[in-house]
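Inspection log for the structure reproduced underneath, given as structure tokens.
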Amino acid sequence: MSKRIPEKEESMITPKEVAEYNLLCRKYLTKWGYEAVIDCLVKEDILQGNIIDLGTGSGWLAIELIKKSKNYKVTGIDLSEEMLTLAKKNVRSIVDDSANIKFIKADAKCIPMEDSFFDAAVSYASLHHWSGNPLEVFKEAFRVVKNGGLIVIFDLKRAEKNLIFVKSILSKIMRELFEASLRASYTPGEIKEILSSGTFTKDWNIVENSMSLGIIGRVSK
Ligand SMILES: C[S@@+](CC[C@H](N)C(=O)[O-])C[C@H]1O[C@@H](n2cnc3c(N)ncnc32)[C@H](O)[C@@H]1O
């Protein structure tokens, strides 16, 4: 497998790239990512409550959550002002009532929320951006999720066949964005190593589908 090439925490800053990324989410990520994350919540009986989406980007996972259930209250956080503006625009284009969803500019390594506020922390395609030690974000997620709550962090999976697939994407910008994200993503082995390193260790369940890998853990305090 080719070597991992990290991306910056905040990428895709030009308006054109942001717009193309928005299309890419709708075309590919709903199926590979958001559905897998939401399935985990449902299977683990998290059917209501406060959910935080870490690195929410254009907000589509957060939007899919409020479409799934009126009983979720979702907070999406992201470092990028451009992405948050797009997320708010996407919400307005999809739902009439946006009372159950809000977006905040914040770093997932230092979440501006009290301990144990959330029933679950979720994320898709952001983990590969978490520079330094990604475990810092897992630790923060653990802090803000209540006892018995759930952490569900999915990301793209760096695998040769996924890199080959990317070459079939027609739009040049979309292809380049997707390829950069895939190259920055982890293999299941790398994720296992990260999760077992450092002082913050836990029993994580690691799952895979064709394009993504997921890290799932119950919070016990
Ligand atoms: C590839 S996008 C994924 C966005 C979205 N979750 C999705 O599925 O489309 C990654 C996002 O993570 C955000 N991000 C990266 N590091 C972050 C951090 N430490 N805290 C909050 N957001 C972060 C980036 O700004 C970017 O919007």
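Quick look at the numbers
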read-out: Scope region 66-100; condition of a type in the set (Gly, Ala, Ser) and under 22 Å from residue 145 (Cβ atoms); matching residues; value: 69, 76, 87
read-out: Which numbered condition residue 190 fails, given (1) closer than 20 Å to residue 8 by Cβ; (2) without any contact (Cβ under 8 Å) to a residue 24 or more places away in the chain; value: (2)
read-out: Residues located in region 110-140, provided they are of a type in the set (Ser, Thr, Tyr) and at pLDDT below 95; value: 131
read-out: Unmet requirement for residue 172, which otherwise passes all of (1) without any contact (Cβ under 8 Å) to a residue 40 or more places away in the chain; (2) surrounded by 14 or more Cβ atoms within 10 Å (Cβ to Cβ); (3) not aromatic (Phe, Trp, Tyr); value: (2)
read-out: Test: residue in region 125-137 that is more than 12 Å from the ligand (Cβ to nearest atom), more than 19 Å from residue 7 (Cα to Cα) and of a type in the set (A, V, I, L, M, F, W, C); value: no
read-out: Qualifying residue in region 19-33 (condition: more than 15 Å from the ligand (Cβ to nearest atom) and touching a residue at least 24 places away in the same chain (Cβ under 8 Å)); value: no
read-out: Those residues of region 132-151 which are touching a Leu at 6+ places or on another chain (Cβ under 8 Å) and closer than 25 Å to residue 8 by Cβ, in sequence order; value: 134, 135, 137, 138, 141
read-out: Matching residues in region 191-221 - criterion: being surrounded by 12 or more Cβ atoms within 10 Å (Cβ to Cβ), in a helix (DSSP H, G or I) and either of a type in the set (Val, Ile, Thr) or out of contact with any Leu (no Cβ under 8 Å at 6 or more places or on another chain) (or both); value: 191, 192, 194
read-out: Hits in region 37-68 (condition: small (Gly, Ala, Ser) and modelled with pLDDT of 95 or more); value: 49, 55, 59, 62
read-out: Residues located in region 69-98, provided they are outside any helix (DSSP H, G or I) and more than 18 Å from residue 123 (Cα to Cα); value: 70, 71, 95, 96, 97, 98
read-out: Single condition residue 11 does not satisfy, out of (1) assigned to a loop (DSSP other than H, G, I, E, B); (2) farther than 30 Å from residue 187 by Cα; (3) modelled with pLDDT under 95; value: (2)
read-out: Only listed residue being among the aliphatic types (A, V, I, L, M), within 18 Å of residue 21 (Cβ to Cβ) and without any contact (Cβ under 8 Å) to a residue 40 or more places away in the chain, chosen from 127, 177, 182, 156; value: 182
read-out: Qualifying residue in region 23-32 (condition: crowded, with 21+ Cβ neighbours inside 10 Å, modelled with pLDDT of 95 or more and not in a loop (DSSP other than H, G, I, E, B)); value: no
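The rows are residues; the columns are (1) surrounded by fewer than 18 Cβ atoms within 10 Å (Cβ to Cβ); (2) without any contact (Cβ under 8 Å) to a residue 24 or more places away in the chain; (3) more than 9 Å from the ligand (Cβ to nearest atom); (4) under 15 Å from the mean Cα position of the chain (by Cα).
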| site | (1), (2), (3), (4) |
| --- | --- |
| 43 | yes, yes, yes, no |
| 64 | no, no, yes, yes |
| 80 | no, no, no, yes |
| 84 | no, no, no, yes |
| 118 | no, no, yes, no |
| 140 | no, no, yes, yes |
| 143 | yes, no, yes, no |
| 152 | no, no, yes, yes |
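The values are calculated or read from the model by the stated rules, or taken from the named source; none is laboratory data. Computed from a predicted structure; not experimentally measured. Cβ sites come from the backbone with ideal geometry, for glycine too, and all protein chains shown count toward neighbours.
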